[in-house]
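Down below is the structure, laid out as structure tokens.
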Amino acid sequence: MPEDGVTALVVPLPEADRLLAAVAARFPDAVRPVPAHVSLLYPFVPAEALDERVLAALAEVFAGQPRFGVELGECRRAGGFVSLRPTPEDGFTALSGRIRRRWPDLLPYGGRFGSDVEPHLTVALNTSDETAAAVEREIVPEFAPIRAEVGEAWLIGFQGGWELRRRFDFTG
């Protein structure tokens, strides 16, 4: 569970919420209480550092971003982690790249997985290998592939739970 005051930049994928709900119904400890999304940068700046300058810079980063379509079909599993990889991933990597150039000292996941992390939709996290295998084998095929239209990014913050702080529509 993240600490209060942590923020993140994510792209919501409501088309995948049904998949996460199915996983949560069968394996409640395998999912996080946050809507389906692809992370652009987690953690982002601390909540107390979010000011008009940061929000304006984010608006600039997302300005002119065209909407794009993706398909989430390729399932990957490593230990107790299950994810779906979006294709094409270019839209996500371009957005992450612009964010990283603006805030070069912020590493995805605090650098735990290196400086570059492939875009992904987390389906199960921090669960047993057996549960992850069951999610991959029994639940994901029922929903994948998932087609989505990406049209906005969210700035979310954790304060006892995740909450939406700001939306950035893609209007390019």
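What to note about this one:
- Over the chain, the hull volume per residue, using the convex hull of the C-alpha atoms, is 105 Å³.
- Diagonalising the gyration tensor over the Cα atoms of segment 127-172 and scaling each eigenvalue by 5 before taking the square root yields semi-axes of 30, 20, 6 Å, largest first.
- Cα centroid of segment 5-76 to Cα centroid of segment 90-142, whole Å: 10 Å
- For the options VAL54, VAL23, VAL150, a Gaussian network treatment of the chain with springs between C-alpha atoms closer than 10 Å singles out VAL54 as fluctuating the most.
- For the chain, a Gaussian network of Cα nodes joined below 10 Å ranks ARG76, ARG32, ARG101 by mean-square fluctuation, and the top entry is ARG101.
- Considering only ALA153, GLY91, GLY111, and ranking their Cα positions along the charge dipole of the chain that arises from unit charges at the beta-carbon of Lys, Arg, Asp and Glu, the one farthest toward the positive end is GLY91.
- Projected onto their three principal axes, the Cα atoms of segment 59-117 cover extents of 37, 29, 13 Å, largest first.
- Distance in nm between pseudo-label sites at GLU152 and THR93 (7 Å out along the Cβ direction from Cα): 2.8 nm
- Rotationally averaged projected area of segment 23-83 (alpha carbon convex hull; nm²): 6.6 nm²
- Around the Cα centre of segment 1-99, unit charges on the Cβ atoms of Lys, Arg, Asp and Glu (plus for the first two, minus for the last two) sum to a dipole of about 400 debye.
- Rounded to the nearest 10 Å², the accessible area of LEU20 at probe 1.4 Å: 20 Å²
- Lys, Arg +1 and Asp, Glu -1 on Cβ, resulting dipole of the chain about Cα centre, debye, nearest 20: 220 debye
- In segment 10-65, a dipole from Cβ-located charges (positive for Lys and Arg, negative for Asp and Glu) runs towards its positive end, and of VAL54, TYR42, ALA22 it is ALA22 whose Cα lies farthest in that direction.
- The convex hull drawn around the Cα atoms of segment 88-172, when projected onto a plane and averaged over every direction, covers 7.8 nm².
- Expressed as a whole percent, the accessible surface of segment 93-150 that belongs to carbon and sulfur atoms is 48, based on a 1.4 Å probe.
The values are calculated or read from the model by the stated rules, or taken from the named source; none is laboratory data. Everything quoted here is computed from the prediction, not taken from an experiment. For neighbour counting, all protein chains shown are included, and Cβ atoms are generated from backbone atoms with ideal geometry for every residue, glycine included. The protein model used for the area step is the full one, side chains on, heavy atoms only, and it has no ligands, DNA or RNA in it. Shrake-Rupley method; radii C 1.70, N 1.55, O 1.52, S 1.80 Å.
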